[in-house]
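The values are calculated or read from the model by the stated rules, or taken from the named source; none is laboratory data. Here the structure is a predicted model, which means the values were calculated and not measured. Glycine gets a Cβ as well: all are built from the backbone with ideal geometry, and neighbour counts include every protein chain shown.
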Amino acid sequence: MNAVVYAIRRKSTLLYLPDRRGKGYSNDEPTSKDRPRLFWTRRAAEMALHAWGRGRWVCKRSGGYGSGPLDMEYDEEVVIKPVPGRVLIDMEIVELALKEVF
């Protein structure tokens with residue numbers, strides 16, 4: 001049985017956006033060192049590509065330093081910092097077929 005998945009690749013280098021955890025996917029650049037990040041739908045890959053293309057998403061939190069249940073609430077602000085060199089026209093979504101091998 002074959003399953004179709006999608007990945008995001010830079011056309012000029014044929015390197016894929018990686019599937020790494022850590023600071024978030026918006027911090028990643030295409031690489032050959034890690035396995036590609038896979039998406040079950042083309043739409044999911046499109047949304048991830050456009051979010052990545054906008055830049056690095058940085059979350060800033062304040063508050064939440066007390067000991068009671070209400071003190072755990074905090075304010076959160078997301079700032080998007082553009083990354084020079086991220087050009088969406090140089091990126092593409094590719095369809096990959098997964099095969100089960102015994």
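Identify all residues within the range 1-23 that are assigned to a loop (DSSP other than H, G, I, E, B) and either of a type outside the set (Gly, Ala, Ser) or surrounded by 14 or more Cβ atoms within 10 Å (Cβ to Cβ) (or both); write none if there are none.
Filtering the range 1-23 for residues assigned to a loop (DSSP other than H, G, I, E, B) gives 1, 11-15, 17, 19-23.
Those that are assigned to a loop (DSSP other than H, G, I, E, B) and either of a type outside the set (Gly, Ala, Ser) or surrounded by 14 or more Cβ atoms within 10 Å (Cβ to Cβ) (or both): 1, 11, 13, 14, 15, 17, 19, 20, 21, 23.
Go through the residues of the range 58-73 one by one and say whether even a single one is at pLDDT 95 or above and in contact with a helix residue (DSSP H, G or I) (Cβ under 6 Å, 6 or more places away or on another chain). Give the derivation first.
Initially, the range 58-73 is screened for residues at pLDDT 95 or above, giving none.
Taking every residue of the range 58-73 in turn, none turns out to be at pLDDT 95 or above and in contact with a helix residue (DSSP H, G or I) (Cβ under 6 Å, 6 or more places away or on another chain).
Filter the range 24-44 for residues that are closer than 15 Å to residue 90 by Cα and not in a loop (DSSP other than H, G, I, E, B) and give the result.
At the first step, the residues of the range 24-44 found to be closer than 15 Å to residue 90 by Cα are 29-31.
Listed by number, the list holds a single entry, 31.
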